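The values are calculated or read from the model by the stated rules, or taken from the named source; none is laboratory data. Worth saying up front: this structure is predicted, and the values here are computed from it rather than measured. Ideal geometry is used to build each Cβ from the backbone, glycine not excepted, and the neighbour counts take in all protein chains shown.
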Amino acid sequence: MCPLPEKLEAEDIERLRRDTITRGVTIRELETFFNCPIRFWFERVVGEPQPVEVALEPEPAALGSAFHEALRKFFVERFSKVFDAQHFGVGGKDLTFDNLREFVEAFGLRDERNFMRLYDSFAFSADELMQEAERLNELLLAEFEKLWEEEPALLIYETEVKEKVSVDRLVKLIPMLIQYDDRIPRIPVGFEVGVELDFMVDGKELSVRGRIDRVDIARGSLSVSLVDYKTGYLPFRKGKVETVAGKEFQLQAYAEMLVKLGFKVDVGKYIARMLKWGDLEIQELPFSTMEELTGGRLARIEESLDKLFHSDFIPPDKKDYCKRCPYNNICHWKP
């Protein structure tokens, strides 16, 4: 492990800023910076691997990634049962917001009849729901088997995962994931959707990139909702709006990027506890609420970039955040 400086000198920060302009930055990295500039510096410069005891907590990111991939395949299969989508690579990881509009138009999804064909395909009978749960169970177990091969250390969770990933649980999970709702009909059209946009910083272009778990489109429009899967708990609780600011960074940042790309975003949605297996929690952020939480403007990205390039790297006074940080045992800047 390289020795850590007592403090970040101006030249250290400037070097990091030049590197950021060259390489660009992801939404996840900006969220890290928003919460703690020091952790951002660790990840971008020090690059130390996460300590083993932290990496193998019961909710490691790898388990969540496997779950996300199984859900992506599940929804793509559902879409392909209704439309012949092979030529378009529906749901593939090459789908971006640059071609999402083209994708919607190609399948005529703004047409009432086509929209309802897909929408109604999610209204499963009891027998169909059981079949879909069995299929999702197969996809999940297959993804976890790949994970055990790639990361043998995570085999300690194999028994626990196989006990929790059951058809009976998935029968309850699937309707909540889809939320078949006649009030505001929406259908999922994009999965693991890549988005990239250039922002100007001190006269230079900086690429900001991200990937959204799922994008749903409303009937008869190009109004989209963003869905973020959380394999643990929600980042905030209903009825506690004062605690929301700063904890829903990614949804707000993605909404900001989509608005700049010409889309209308009507809602952001968290679906959580998918690897904790209690009752699923669903939290919706209406677009107007996102605006209210950011002072009437969606400016999470600009705000973070401004701090990244024009402020000192000062560690926050967030003891709870520090406890969960993978660099906790080597950081001497923590409060």
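Among the residues making up region 194-214, a single one is farther than 18 Å from residue 31 by Cβ and surrounded by 15 or more Cβ atoms within 10 Å (Cβ to Cβ): 214. Suppose we keep only residues that are in contact with a helix residue (DSSP H, G or I) (Cβ under 9 Å, 6 or more places away or on another chain) and surrounded by fewer than 16 Cβ atoms within 10 Å (Cβ to Cβ) within region 58-83. Which one would you say is modelled with the lowest pLDDT? That would be 58. In region 251-284, the residue that is modelled with the lowest pLDDT out of those that are of a type in the set (A, V, I, L, M, F, W, C) and more than 23 Å from residue 197 (Cα to Cα) is 277.
On the given criteria, is residue 175 modelled with pLDDT under 75, farther than 23 Å from residue 108 by Cβ, outside any strand (DSSP E or B) and not β-branched (Val, Ile, Thr)?
Spelling it out, it is not the case that residue 175 is modelled with pLDDT under 75, farther than 23 Å from residue 108 by Cβ, outside any strand (DSSP E or B) and not β-branched (Val, Ile, Thr).
Reported count of residues in region 142-165, each being surrounded by fewer than 18 Cβ atoms within 10 Å (Cβ to Cβ), closer than 18 Å to residue 71 by Cα and either touching a strand residue (DSSP E or B) at 6+ places or on another chain (Cβ under 8 Å) or at pLDDT 80 or above (or both), is 3.
Looking across region 309-333, not a single residue is out of contact with any Pro (no Cβ under 7 Å at 6 or more places or on another chain), closer than 23 Å to residue 206 by Cβ and of a type in the set (A, V, I, L, M). Within the span defined as region 197-207, one or more residues are part of a strand (DSSP E or B), touching a Gly at 6+ places or on another chain (Cβ under 7 Å) and over 16 Å from residue 261 (Cβ atoms).
Go through region 234-250 residue by residue and tally those that are at pLDDT 80 or above and among the aliphatic types (A, V, I, L, M). Qualifying residue count for the region: 0. Hey, does region 289-300 have a residue that's outside any helix (DSSP H, G or I) and either in contact with a Leu (Cβ under 7 Å, 6 or more places away or on another chain) or modelled with pLDDT of 80 or more (or both)? The answer is no, given that none of the residues of region 289-300 is outside any helix (DSSP H, G or I) and either in contact with a Leu (Cβ under 7 Å, 6 or more places away or on another chain) or modelled with pLDDT of 80 or more (or both).
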